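One structure below.
Where a number appears in this text, it was derived from the coordinates with a stated rule and is not lab data. Please read these numbers as outputs of a predicted model, since none were measured by experiment. All Cβ positions, glycine included, derive from the backbone under ideal geometry; neighbour counts span all protein chains shown.
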Amino acid sequence: MFREAAIDVVRARHETPGCATVTHLNNAGAALPPAVVTDTAVDHLRREAAIGGYEAAAEAAERVEGVYRSLARLVGCAPDEIAVVENATRAWDMAFYAFAFRPGDRILTTRAEYASNVIALLQVARRTGAVVELVDDDEHGQIDVADLARRLDDTVKLVALTHVPTSGGLVNPAAEVGRLTRAAGVPFLLDACQSVGQLPIDVAEIGCDLLSATGRKFLRAPRGTGFLYARRDLAQQLEPPLLDLHAASWPAPDRYEIRPDARRFETWETNYAAKLGLGAAADYALSWDAAAVTERITALAAGLRERLGALPGVSVHDRGAQLGGIVTFTIAGVEAAEVQRTLRAADINTSVSSADYAQWHLRSRGLPDVVRASVHYYNTEEELDLLCRHLPRPR
């Protein structure tokens, strides 16, 4: 049992208006934002309507710069190592497609990699002749760091790892991977889409060179926001696949110069309201004790797995030496989509992890689509009980 006093749940729910209207267990999809995030974004939109978009951006320039400082504090880097983009996939893509792979180059990844990342990996392998290799899982279902160590050599040009896969409760040992890649001198790209806001993140401690993250999930920011951390020394060696007059300058008719900081991965046009909302979400996350947040999320998820595992016909499918806030399960004879619809009719939000989007993860284990319930620190044990009471019966 977690320490209830470690998180002020009353405060968290009071500051989250959605808690009054829905039982939200779809935080791995998009968490409920605190009021300060919504107010920040809406206030800027109203300012744009009142004085003009360019003018509102100029007026908010210092606050916009503060977004970079807040995100840098959140993940333990310098502000010039942060790029703010429209989502985690674009952040990951801008980093990945900046590498100049050649025939025979090896890219190491895992079975639990996110579908969009896998598609990009396969596309680049087809285009360049690089080879995508799957590192083995260990007995817990996480990346086998011993197998990774055996595979690392000078032909490996990138290790791409999803920290917390979207289709299960696993938390991969990212820091162990980082120690190996640093020692081998191999760039390490970490997809932290599901871990920023759920786990304490320190890029120096993890040892990743690049980290992509979204706003809408556990960070509780507006949809359509994301960011990329790019280690300064490596960023200056990477030419993004797309450039504009923000990412680069045009000093002479026949020449361009890419800016030296991580903002080379951005574009000039941006949603300032959402960007300011992302900064507000980062500041709000920083107002909570990160270890206590993780402790509560982990304990709530463990409690839900225990409840579900005690129900007849319900199977829980999460694997990992460390488990996080995502809980996946199936009910015998009932499709995952039907379970989701039944719960939604009772104002309980969950989602479905499609086996088609997890060919190497769910399909390889012979699993169908699974129901995904994902908790946050503002959820309560009573809400877990409510979910279990409204589940359809097995058939």
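A few notes on this one:
- Distance between segment 193-216 and segment 364-386 - C-alpha centres, whole angstrom: 22 Å
- For Ala310 and Ala175, the difference between the fully extended length at 0.36 nm per residue and the C-alpha to C-alpha distance is 45.2 nm.
- Note on Glu338 and Thr270: the model spin-label points, each 7 Å out from Cα along the C-beta direction, lie 4.7 nm apart.
- Compactness of segment 214-322 - radius of gyration and Dmax, Cα, Å: 21.1, 71
- Residue order, fewest to most surrounding Cβ atoms within 10 angstrom, among Lys157, Lys275: Lys157, Lys275
- Going from the fewest other Cβ atoms within 10 Å to the most, the residues Ile326, Ile7 appear in the order Ile7, Ile326.
- The packing ranking of peptides 43-54, 72-83, highest mean first, is 72-83, 43-54, where packing means the average number of other beta carbon atoms within 10 angstrom of each residue.
- Taking every DSSP bridge with both residues inside the chain, close to 60 percent are antiparallel.
- Cα→Cβ-extended label distance, 7 Å offset, between Asp80 and Ala50, nm: 3.6 nm
- When each of the peptides 228-235, 307-314, 217-224 is scored by the mean number of other C-beta atoms lying within 10 Å of its residues, the order from highest to lowest reads 217-224, 228-235, 307-314.
- Pairwise centroid distance, computed over Cα atoms, of segment 231-282 with segment 309-341, Å: 41 Å
- Helix-only [θ]222 nm of the chain, DSSP H runs n ≥ 4, -39500 (n - 2.57) each, per residue, nearest 500: -11000 deg cm²/dmol
- Here segment 124-219 yields Rg over Rh of 0.96, to two decimals, using C-alpha coordinates and the Kirkwood radius.
- Estimated FRET transfer efficiency when R0 is 22 angstrom, pair Ala321-Ala149 (beta carbons, to 0.05): 0.80
- For a label point 7 Å along the Cα-to-beta-carbon line of Asp233, residues of segment 195-214 with backbone N under 14 Å: 204, 207-210
- Highest mobility in the GNM of the chain, judged by mean-square fluctuation with C-alpha springs under 10 Å and restricted to Gln142, Gln322, Gln194, is found for Gln322.
- Protection proxy ranking, peptides 166-177, 253-264, 378-389, average beta carbon neighbours within 10 Å, highest first: 166-177, 378-389, 253-264
- Among Ala146, Thr214, Thr267 the positive-end extreme of the charge dipole of segment 37-286 (Cβ point charges): Thr267
- Assigned charges on the beta-carbon of Lys, Arg, Asp, Glu; the chain dipole about Cα centre (debye): 680 debye
- Of the residues Gly324, Thr342, Val196, the one whose Cα sits farthest towards the positive end of the charge dipole of the chain is Thr342 (charges of +1 on Lys and Arg Cβ, -1 on Asp and Glu Cβ, taken about the Cα centre).
- Three-way shape label, segment 183-228, alpha-carbon gyration tensor, a/c 1.5: prolate
- Extension gain from Glu381 to Arg102, taking 0.36 nm per residue of separation minus the Cα-Cα distance: 95.3 nm
- Put in order of Cβ neighbour count within 10 Å, fewest first, the listed residues Phe96, Phe227, Phe265 become Phe96, Phe265, Phe227.
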